[in-house]
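This report concerns only the one structure given below.
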Amino acid sequence: MDYDTYAPLASWFEATWLGGQMREQFWMFPMMETIHFIGITFLFGSLLVIDMRVIGFGRFINMNAAMKYIPVAIIAFCVNLLTGLAFLCADPFRYFPNIAFQWKMGLIVIAGINALWFWFGEHKELCQLADGEDAPFRAKVIAALSLAIWIGVIIFGRMIPYVEY
Amino acid sequence: MGFLVWLEEGALGIFIRESLWGYPIVLSSHAVGMAIVMGVVIALNLRVLGYAKDISILAFDKLFLIGWIGFIINLISGLILFCNTPTTYFFQGSFILKIASIVLGGILMKVVMNSVRGDTSEGLTKLASFACIACWFGAMITGRLMAYL
């Protein structure tokens with residue numbers, strides 16, 4: 001990304017109170033990282049329950065009850081959005097031009113679109129499934145995509161420190 | 001100590017320290033494995049603690065298998081990462097605590113599953129479940145601290 005494009009936005013993030021705290025308190029960064037990691041386990045664990053049910057691997061899980069993990073996933077996502085923002089504010093000039101960060105953000109947007117497709121396109125029909133009943137193929141594709149995209153998000157996130165030059 | 005030095009100077013140690021992409025790739029696998037193991041552990045314990053009660057806990061068995069896959073990914077990637085500097089890690093307090101938390105967390109997971117299948121009182125089962133989550137959180141916290149201490 002071109003420096004002049006992101007510089008104004010990056011300066012704004014850098015000047016925030018949160019950014020200052022992240023740089024000044026030595027324990028803030030590791031604490032936020034740990035919360036970010038705990039957040040991803042709640043998010044990914046919830047997705048495993050829902051998506052594995054839809055894919056058919058855990059098809060004796062009650063579909064309606066599995067959907068109760070959706071709020072867990074959403075809360076975990078919000079926790080990670082906030083802790084992620086904290087990292088960004090700490091050092092925006094490091095993150096904006098980082099190729100792994102850009103891919104990670106791109107994948108999260110795609111995961112969001114995929115989730116909306118799941119909610120508006122499949123959710124109602126899936127809730128009617130009996131225990132052990134196979135989900136429609138479309139829904140299985142969405143579920144498999146969801147897991148694959150989030151694995152990609154985790155990998156690109158972990159790569160961020162290693163693709164700097 | 002001799003073994004640790006041998007490990008550090010061996011092929012795996014050299015690979016993980018010197019190859020350009022070796023370390024980030026193995027570390028990323030470790031993060032993916034972590035999300036799988038801890039994801040299953042947390043989803044399952046949430047259910048044991050009373051969330052989403054309509055799911056039969058026994059229906060989670062298949063998910064448990066996926067948790068094991070994640071565990072194996074992390075055992076292998078963890079051993080490779082350990083070869084980076086075994087002579088340091090082995091004596092690092094946060095590393096020792098991390099391994100202890102994982103062992104205890106694993107045993108507690110087994111205790112929770114046995115309680116669910118047997119006729120242990122609900123209170124005791126939930127207590128074990130709570131302790132299990134605490135151990136796995138502990139493993140994550142100490143694991144992250146390894147990079148700082």
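Couple of notes before you dig in:
- Helix B:93-117 and the long axis of chain B differ in direction by around 30°, with both axes built from C-alpha atoms.
- Mean partner shielding of peptide A:77-87, defined as the number of other chain Cβ atoms within 10 Å of each residue Cβ, is 0.
- Convex hull volume per residue for chain A, taking Cα atoms only, in Å³: 118
- Net charge in the neighbourhood of A:Glu14 (other residues with Cβ under 15 Å of its Cβ; Lys, Arg +1, Asp, Glu -1) is 0.
- All lysines inside 17 Å of B:Lys110 as judged from Cα atoms, apart from same-chain residues fewer than 8 positions distant: B:Lys62, B:Lys126
- Considering helices alone, the calculated mean residue ellipticity of chain A at 222 nm is -24500 deg cm²/dmol, with DSSP H runs of length four and up weighted by -39500 (n - 2.57) and normalised per residue.
- Calculated translational diffusion coefficient of chain B (37 °C, 0.692 mPa s; Stokes-Einstein with Kirkwood radius over alpha-carbon pairs) equals 198 µm²/s.
- Taking every DSSP helix (H) stretch of at least 4 residues in chain B, weighting each as -39,500 (n - 2.57) and dividing the sum by the residue count yields a mean residue ellipticity at 222 nm of -26500 deg cm²/dmol.
- Partner shielding of B:79-88 amounts to 0, given as the average count of beta-carbon atoms from other chains within 10 Å of each residue beta-carbon.
- Residues of type lysines that A:Lys104 reaches as a straight line, Cα spacing below 26 Å, ignoring anything fewer than 8 places off in the same chain: A:Lys140
- 15 Å Cα-Cα reach of A:Lys68 towards aspartates and glutamates, excluding residues that sit fewer than 8 places from it in its own chain: A:Asp51, B:Asp54
- P(r) tail fraction, the protein assembly as shown - alpha-carbon pairs more than 28 Å apart, %: 45
- Cα pair distances of region A:88-165 binned at 5 Å [whole percent]: 3, 15, 20, 17, 13, 10, 8, 7, 5, 2, 0
- Formal net charge of residues neighbouring B:Gly50 (Cβ-Cβ distance under 15 Å; K, R +1; D, E -1): +2
- Around the Cα centre of region B:2-145, unit charges on the Cβ atoms of Lys, Arg, Asp and Glu (plus for the first two, minus for the last two) sum to a dipole of about 280 debye.
All of the numbers you see were taken from the coordinates with simple rules; none came from a lab. Treat the numbers as computed from the prediction; the structure is a model and nothing was measured. Here the Cβ is made from the backbone with ideal geometry for all residues, glycine too, and neighbour counts use every protein chain on show.
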